Amino acid sequence: MTVSTLVPIIVGVIFLLLALRLLLSGGMLKAIVRAVLGLSFLAASAMFLLGGYDLLTYKRLLVEQPVATLQFVKLAPQRYRVLLVQVDGEEHHLRLLGDQWQLDARTLRWHPSLASIGFKSQYRLDRISGRYADIIEQQHGEQTVHPLKISPYGFDTWQALRQVPWLQEWVSTQQGTATYQPMADGAVYEVTLAYGGLFARPINSEAKRAVSGWR
């Protein structure tokens, strides 16, 4: 667990304890004030706790690291079965339509002053989708998009941070990243992530043949 994950959880617990103390204390004259403050602390506690829990779904972003491998089996023209295995062993068995695959990720990049005290950049693989080589097919063909991770209880820390402009000085959520390559029967790709973004590398002959023919 990184500092950037631990801090909001600790703050959330503090707000929860303050809320309980206010809500459970007695006294008729100050009951309304205590209730308002207690509920405010309770709301703040929920926000920080859910935010910290959501950050647990992110992985630490190093200088450059492998994040996933993808293996493809052709089922029919423009129809593929894909096995996506993340670096932690999490597997996704999916079907994609089209000629190419696209993998999207989101990143959290902290200000250097926060990074120096333990706030490490993090990433989360967001979704995988199928693409068509022909622009008309891309506009009108059947689309396939699969989420790879959903924020717990619907609280999306990445989106919440994007709504607070002054926080962008301290944590950047503006940079998403994506990579795409052609699909082919038997093709295997390795995807790595660095500060420059996602990069897909063909690692067997089928993938290399598909990439050389595509370009």
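Taken one residue at a time, the phi angles of segment 80-93 give Karplus couplings (6.51, -1.76, 1.60, θ = phi - 60°) of 9, 9, 10, 10, 9, 10, 6, 4, 8, x, 5, 10, 10, 9 Hz. Gly and Pro are set to x.
Note on residue 83 and residue 95: the extension gain reaches 3.4 nm, defined as 0.36 nm multiplied by sequence separation minus the Cα-Cα distance. Working note: Karplus 6.51/-1.76/1.60 with θ = phi - 60° gives segment 193-209 the couplings 10, 9, 5, x, x, 7, 9, 9, 10, x, 10, 9, 5, 5, 5, 5, 5 Hz, where Gly and Pro are set to x. Taking each residue as 0.36 nm, the span from residue 134 to residue 178 lengthens on full extension beyond its C-alpha to C-alpha distance by 13.9 nm.
For residue 150 and residue 192, what is the calculated FRET efficiency with R₀ set at 30 Å and r taken between the beta-carbons, to the nearest 0.05?
Taking R0 as 30 Å, the efficiency between residue 150 and residue 192 is 0.80.
A simple spin-label model places pseudo-atoms 7 Å from Cα toward Cβ; at residue 76 and residue 185 they are separated by 1.5 nm.
Just so you know, all these numbers are worked out from the coordinates, no wet-lab data involved. No experiment lies behind these values; they were computed from the predicted model shown. Cβ atoms come from the backbone with ideal geometry, glycine included; neighbour counts cover every protein chain shown.
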